[in-house]
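What follows is a single structure, written as structure tokens, with notes after it.
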Amino acid sequence: GDSVTQMEGPVTLSEEAFLTINCTYTATGYPSLFWYVQYPGEGLQLLLKATKADDKGSNKGFEATYRKETTSFHLEKGSVQVSDSAVYFCALSDTNNQGGKLIFGQGTELSVKP
Amino acid sequence: EAGVTQSPTHLIKTRGQQATLRCSPISGHTSVYWYQQALGLGLQFLLWYDEGEERNRGNFPPRFSGRQFPNYSSELNVNALELEDSALYLCASSVPAGVTEAFFGQGTRLTVV
């Protein structure tokens, strides 16, 4: 079945550092890809998405490009802030079922120090 | 416009009891999804309801069940609670099946003691 693999955390960076969180996927069809963020004590918020190959999703300085050839959707940000400290989840829409069921990676905890 | 709302925020139950969690989707959304986020296990898909029908369920025992009401709100019931059921339960909603973006609520933290 479909699956998502994320780089393990926790990731600790200094403020203004460059961020990359790797995400690769396995899917039999053509899924949409998502990054969700979970701040401490809260639910999930959609950060960005891409619905087809070569699409670039972007939001709040974060970017990710849907790479079909490498089955990847890596999250990047040029300069992180302390407020970016959270858990980041890569997800894909299940291609074996109709509807919006999501398959998530394990999550990567990001901690940004001043 | 209100987002996905879940209640209660926190719930403490004793092993063997039943828990009922509630979710109100965004207005106009007919699909509701339930996920379990247990410590160290990531997000696991539990159930999907659309137009009042259960469309899919994840790899959970039958004591996890639910329903969707005519107004598209949903309940998740967990019977015969076990300590391992302690987790954050997240509800998400989306427009009718076929559209892939889901919006999440803040979750219900269930603690089984």
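Quick note: the coordinates plus some simple rules give every number you see, no bench work behind them. As the structure is a computational prediction, the values presented were derived from the model and not from experiment. Heads up, the Cβs are rebuilt from the backbone with ideal geometry, glycines too, and the neighbour counts pull from every protein chain shown.
Quick notes on this structure:
- Of the trypsin sites (Lys or Arg not before Pro) in segment B:40-100, those whose Cβ has at most 13 other Cβ within 10 Å and which sit in DSSP loop: B:Arg63
- Taking trypsin sites (Lys or Arg not before Pro) across segment A:8-65, the ones in a DSSP loop with at most 16 further Cβ atoms lying within 10 angstrom of their Cβ are A:Lys52, A:Lys60.
- Residues B:Glu51, A:Glu69, A:Glu63 arranged by fewest to most Cβ contacts within 10 Å: A:Glu69, B:Glu51, A:Glu63
- Checking the cross-link pairs A:Lys52/A:Lys101; A:Lys49/A:Lys77; A:Lys68/A:Lys113; A:Lys49/A:Lys113; A:Lys77/A:Lys113 against a 22 Å limit on the alpha carbon distance flags A:Lys68/A:Lys113; A:Lys49/A:Lys113 as lying beyond it.
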